[in-house]
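The values are calculated or read from the model by the stated rules, or taken from the named source; none is laboratory data. Because the structure is a prediction, the values reported are computed rather than measured. Neighbour counts run over all protein chains shown; Cβ positions are idealised from the backbone, glycine included.
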Amino acid sequence: MTAPVVGGMAATGAGRVARALLVDDRRENLTALAALLQGLPVEPVAVTSGEAALKKLLTDDFAVIMLDAQMPDMDGFETASHIKARERTRHVPIIFLTAADRDAQLALRGYAAGAVDYLTKPIDPWVLRAKVSVFVELWNKTRELASHAGVVREHEQRQKATAELIEAALTALRGTDGVRDVGRAIELLEQARLD
């Protein structure tokens, strides 16, 4: 079951919103997490199970995942293993959250499952906000770089097309069998100028 989206949104340069996936089987924990994130440039999306998280991750992009380690049915460790096994989501940072006492074995299990951090409750709100802010900034920068790379590729494709038109115009001017097609050469050069 999916809980309602809570909190504000921030658009990136590409117009996309950085989102945080909050996964906890207790709604009050989801509400508390969303409240901790208020004022940050991120849209929290809350779900109440590992299965619901995996479904969200099939279609939506997230800057960070905050994942409860201990949930019924599919726990956080199993959920994280599925997330990291998917090509589409393997690079999304996971912060494990747990109410269990700090247990080195559980923390190691979390890191082995692909977590970037493992926090115990009660969570220091300033620490969590700082960590989420870093991952949101990284997500935004990654999107910005991808956008710039797309612009560069588009520019390179236009340059290649222009070079091909100029080469075709030169071929028309050289002619074949002694016949030059000056009109065609002018037409191709005009097209290259417009591109």
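Tabulated data for the structure shown
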| quantity | calculated |
| --- | --- |
| Criterion: at pLDDT 75 or above, in a helix (DSSP H, G or I) and touching an Asp or Glu at 6+ places or on another chain (Cβ under 8 Å) - qualifying residue of Arg143, Arg158 | Arg158 |
| Contacts under 8 angstrom Cβ, first residue in region 105-116 being part of a helix (DSSP H, G or I), partner crowded, with 16+ Cβ neighbours inside 10 Å and among the small types (Gly, Ala, Ser), 6 or more apart | Leu106/Ala69; Gly110/Ala69; Gly110/Gly76; Gly110/Ala80 |
| Number of the exception - Gln159 against (1) in contact (Cβ under 8 Å) with a residue 60 or more places away in the chain; (2) outside the structural domain of Leu33 (by TED's automatic domain parsing) | (1) |
| Any hit, region 97-109, residues being modelled with pLDDT of 90 or more and crowded, with 23+ Cβ neighbours inside 10 Å | yes |
| Tabulated pairs, region 72-99, first closer than 14 Å to Leu54 by Cα and assigned by TED's automatic domain parsing to the domain that holds Asp25, second part of a loop (DSSP other than H, G, I, E, B) and of a type in the set (S, T, N, Q), C-beta under 9 angstrom, 6+ apart or interchain | Asp73/Ser49; Met74/Ser49; Gly76/Gln70; Thr79/Ser49; His82/Thr89; Ile83/Thr89 |
| Test: residue in region 127-136 that is surrounded by 11 or more Cβ atoms within 10 Å (Cβ to Cβ), out of contact with any Leu (no Cβ under 7 Å at 6 or more places or on another chain), part of a helix (DSSP H, G or I) and at pLDDT below 85 | no |
| So Leu57, is it touching a helix residue (DSSP H, G or I) at 6+ places or on another chain (Cβ under 7 Å) and at pLDDT 95 or above | yes |
